[in-house]
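Written below as structure tokens is the structure these notes are about.
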């Protein structure tokens, strides 16, 4: 019988992609008066770097940089120079401003707040999010996550992030449950679904391109296009428990 539910945050409970796009649109408008270069390509390169999608050369250059703010300033400067633009104070100020806009636009998907309120009356809820504290702490604070979840685990503040078993084990300890008494919900196959499986935890994979709920899937126990289908998951779990 399930006693707890674990949730990923970005693109599971919260609409990170929409927040990013709104921030990108804002930055595009701001950069319009800052030189004749391909602003869309530049922003795409910078956003990819934020998510550590780097080529070998840039990875080697940035590996020694441990501070997240320093890292973001470095790659912003790097890509400006790649576009033959000399960085200046006005341009570099957009590093912090872009971060601020991403947080300002960050919010739950419609219906998720009430879903969490309802679920919390029956289960212990634990958020497990990957990423540096630099970006994830402001996101958690922006949506007041502690008002909706009993515990919040930020990967960048833990010894290991998902898919490491240790962070799932810690979530189980916090929720006072066994691995077979919880379910993890997330959108990343590598971090969420495979991580949960290695920890002996059932999983619910949020796959936006999926068109209907299914309990038949080779990768996860359940799959759907939205976390709001969790009621179907819990109904099936209850039926299995009483069978």
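The values are calculated or read from the model by the stated rules, or taken from the named source; none is laboratory data. What you see is a predicted model; the values in this text were computed from it and never measured. All Cβ positions, even for glycine, are placed from backbone atoms using ideal geometry, and neighbour counts span all protein chains on display.
Here are a few things to note about the model shown:
- Failed item in (1) at pLDDT 95 or above; (2) under 13 Å from the mean Cα position of the chain (by Cα); (3) surrounded by fewer than 15 Cβ atoms within 10 Å (Cβ to Cβ), with residue 13 passing the rest: (3)
- Sole exception among (1) modelled with pLDDT under 95; (2) in contact with a helix residue (DSSP H, G or I) (Cβ under 8 Å, 6 or more places away or on another chain) for residue 35, by number: (2)
- Contacts under 9 angstrom Cβ, first residue in the stretch 100-125 being free of Cβ contacts under 8 Å to residues at least 12 places away in the same chain and not assigned by TED's automatic domain parsing to the domain that holds residue 172, partner outside any helix (DSSP H, G or I) and exposed (fewer than 15 other Cβ atoms within 10 Å of the Cβ), 6 or more apart: none
- Applying a threshold of 8 Å to beta carbon distances and a minimum spacing of six or more residues, or different chains, the list of pairs starting in the stretch 148-169 at a residue that is not assigned by TED's automatic domain parsing to the domain that holds residue 192 and ending at one that is part of a helix (DSSP H, G or I) is empty.
- Residue in the stretch 176-199 that is assigned to a loop (DSSP other than H, G, I, E, B) and under 21 Å from residue 137 (Cβ atoms) present: yes
- Annotation note: of 218, 208, the sole residue that is surrounded by fewer than 19 Cβ atoms within 10 Å (Cβ to Cβ), assigned to a loop (DSSP other than H, G, I, E, B) and within 21 Å of the chain's Cα centre (by Cα) is 208.
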